[in-house]
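Each remark here refers to the structure printed beneath this line.
Read the figures in this text as sums done on the coordinates, not as results from a lab. Keep in mind it's a predicted model, so treat the numbers as computed, not measured.
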Amino acid sequence: MPSFLHSDITQHSIPTTIADTMNKYLCIVALIITYTGFASANNSLHTEFGLMQNSYNQVQIPGDDGTRFNIRKSFPKDNPYFRLDYRKSFDNGYGIRLLYAPLKIRGDHAFGKDISFNGEIFNQNEKTETLYQFNSYRASYFYQWIKRDDWKVNVGITGKIRDANIELKQGTKQKNRDDIGFVPLVYLWSEYWFTEDCKLTFDFDGLAAPQGRAGPYGRTPSFSICDCKFGLQDT
């Protein structure tokens, strides 16, 4: 049962409704441990957990006259997170992938300026409680385009449901902006084994559009040697 550590950097923006009312750029750095609960030729379950640092997160709601501020200033330095990834391949060459990736960060901060957020004014230099949530639920259906002992490639489509919410609270004042939506994504996964103990994995599950992006994206190479994995991956 392999476990591994690697550094994780994520940058994404919400591609639909919230993106119309919020200019938000998110950068996450995380230390991750992944545990393989079980794995076989056609069946696998991976659990990933670790500590993440949200280094930059600009918010502006509504996008036309709300105050832009960095909600990251209110978050703790390290935030725990986890995700579950299940894959099953069928004998007919097709397969499914289910991904559960919750994300919720709470914090507080006294911002140095008044913040107009979704119709409410939050006063400067007063403690403001914050909540950032971006839960992701995904189901993929793929075809095993290449299936060799040393090289595998899966291509398919993903349906993603996102459950997003941003909330500010200051004393008796409270405002939030939530959004639940469905996004279709392209799915591409490849794994190549150089030796029995050394492999390269590529995982692409995303979509680019004028309104924004939905991750995880590509550019997620990982290098595994003797059950230790290092890589760069979007969450």
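Please report how far the C-alpha centroid of the range 183-204 lies from that of the range 133-163, rounded to the nearest whole angstrom. Result: 10 Å between the Cα centres. A cut-off of 5 Å between modelled amide H atoms, ignoring neighbours fewer than 5 places along the same chain, links residue 111 with 125, 126, 128.
For the range 173-181, backbone phi angles converted through the Karplus equation (6.51, -1.76, 1.60; θ = phi - 60°) give residue-by-residue couplings of 7, 8, 9, 9, 9, 10, 7, 10, x Hz, Gly and Pro being listed as x.
Structure note, pairs 160/199; 77/160; 127/173: Cα-Cα distances above 20 angstrom occur for 160/199; 77/160.
Its alpha carbons considered, the range 172-211 gives a radius of gyration followed by a Dmax of 19.3, 61 Å.
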